[in-house]
Amino acid sequence: MKESEGFGLRAWLILVTLAGATFMTGLDYSIVMVALPEIGRDLGFGSASGLQWVATACLLPTAGLLPLFGRLSDLLGRRRLFVTGTFLFTALSLVAAAAVSPGMLIAARAGQGVAAAMIAPTAIALMTAAFPEGPQRTRALAVNGALLSLGFVVGTIGGGVITSGLNWRWTMALLVALGSVVLTGALTVLPKQGDVRRASRLDVPGAALSGAGLFALVYAISTGAQAGWGSLPTVGSLLVAVVALAGFFLVEARHPAPLVPLGLLKRRTVKWSFLVGMVTYGMGGGATLILTLYMQDVLGWSPLETGFGFLGEGGAAFVAGFLASRIIARRGTAGALAVGLAVQAAGTGAMFLLPGHANLVLLLVTSGAMGFGHVLSVVAFVATITSGLSAEEQGVGGSLAQMPLYVGAIGTAVLAAIASSTGGSALGGMHHAFLAAGLIAAAGVPVAALLLRRR
């Protein structure tokens with residue numbers, strides 16, 4: 001493709017296909033969260049702890065398998081793995097829609113998580129391969145970031161509308177329809193040429209250790225608040241995560257064909273942008289969770305009203321996605337990342353002022369600022385972490401670009417703990433969590449501005 005920023009018809013079709021896959025996987029998580037109460041009643045889940053596995057069963061395999069599938073995409077072919085993942089995701093969404101028992105639904109959701117782990121790194125790798133580094137790639141990543149945020153907003157609103165007017169099974173049917181569209185695009189418009197495949201053996205010990213470590217880490221984060229942070233399952237999972245990930249780095253240092261080359265992790269653009277990615281994802285996701293609790297528990301809004309309450313965040317995030325390429329062109333990726341984090345920090349910190357009664361203007365302005373800054377940060381982060389990588393490294397780079405989205409759940413757990421542990425009213429705890437999220441996001445600004453600027 002030419003270096004100009006404009007896209008031709010085929011380029012737009014490729015972008016819509018790949019960004020559509022990102023939209024689909026983002027929609028999957030939020031639309032199910034809204035439908036959980038009805039799912040519990042319909043399928044007879046015995047407890048809230050069992051019902052949470054409808055969401056967790058999808059999240060865990062995605063986080064644990066990202067490095068493996070990122071590497072496999074470089075070995076087996078990215079287009080092939082993307083098509084396989086999209087087909088499995090669509091088929092398993094159909095199984096989930098037809099589920100007649102909790103076990104059947106949770107198994108289908110776990111399969112969706114495996115498929116999402118195939119889709120996430122290959123979508124980024126295919127995008128960076130299809131659009132050359134520079135204005136075209138930045139614009140493509142910006143559109144992708146906008147659709148990711150749109151997926152969350154459509155999920156929260158659509159989940160409420162669908163479960164209120166129809167039933168929860170139609171949320172899975174929607175994913176089937178989207179998956180079919182993405183699969184058609186993958187088979188017809190994604191180029192077959194340039195699909196990198198390298199003759200190399202797979203790092204099986206590294207894959208096992210990284211998968212076990214990430215699985216245990218995300219499991220502990222996802223279930224720790226309910227099970228208790230000092231409980232045996234939570235502490236045991238954290239110990240397994242530490243041991244497995246430490247073993248992973250030892251194996252990678254000695255393996256002739258490592259799953260994730262340590263030299264790649266030592267690159268300035270990779271290690272520092274990964275840290276900043278953890279900050280923006282962790283604080284953005286955590287603040288959004290606290291904001292959900294604020295609207296439902298403090299203001300007493302219904303799930304549908306809460307979904308519409310996120311229009312400010314989602315709308316501003318969508319705008320940020322389309323302005324990101326222009327901001328990056330003027331300020332560079334490091335400058336745009338610093339600006340994004342600063343705006344996210346300001347919006348999140350200002351939520352400290354949210355009152356115990358509905359103040360719609362303040363809610364929309366603060367959440368809108370957070371959403372705008374977060375998406376600008378995400379686009380700049382992905383552009384930074386994938387820059388300068390060779391064609392053979394784009395699959396691994398794609399997995400690293402997606403990893404903070406899941407490991408950033410640490411930040412969500414921290415903010416949830418702050419909100420629940422501070423004395424006084426529930427609103428007071430939420431205020432402390434919002435303020436902490438703003439300060440942590442602000443701490444990432446000098447990292448982006450000083451350590452990631454071009455030398």
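At what distance in angstrom do the alpha carbon centres of the range 262-314 and the range 329-407 lie from each other?
9
So for each of 228-239, 95-106 I average, over its residues, the number of other beta carbons within 10 Å; can you give me the resulting order with the highest mean first?
In descending order of packing, they fall as 95-106, 228-239.
Of VAL339, ALA409, ALA441, which is farthest on the positive side of the dipole of the range 262-455, counting Cα position, with +1 on Lys and Arg Cβ, -1 on Asp and Glu Cβ, and the Cα centre as origin?
Farthest along the dipole direction, towards plus: VAL339.
Obtain the radius of gyration and the Kirkwood radius of the chain from its C-alpha atoms and give Rg over Rh.
0.94
Quick one: Cα centre-to-centre distance for the range 116-148 and the range 74-113, in angstrom?
22
Rounded to the nearest 20 debye, what is the charge dipole size of the chain about its Cα centre when +1 sits on each Lys and Arg Cβ and -1 on each Asp and Glu Cβ?
So the dipole magnitude of the chain works out to roughly 1360 debye.
Where Lys and Arg each count +1 and Asp and Glu each count -1, what net charge lies around ARG169 among other residues with Cβ under 12 Å from its Cβ?
In short, -2.
For the range 203-258, I need the span (max minus min coordinate) of the C-alpha atoms along each principal axis, in Å, sorted largest to smallest.
Its Cα atoms span 42, 13, 10 Å along the three principal axes.
Which one, VAL319, VAL182, SER387, is farthest towards the positive end of the dipole of the chain when Lys and Arg carry +1 and Asp and Glu -1 on their Cβ?
Of VAL319, VAL182, SER387, it is SER387.
Is the range 218-316 best put as rounded, prolate or oblate by its Cα gyration tensor, with a ≥ b ≥ c the root eigenvalues, rounded for a/c under 1.5, and otherwise prolate when a/b is larger than b/c, oblate when not?
Oblate.
Here, each number is a calculation from the coordinates, and none is a lab measurement. Since this is a predicted model, take the numbers as computed values, not measurements. Virtual Cβ from ideal backbone geometry, glycine too; neighbours counted across all protein chains shown.
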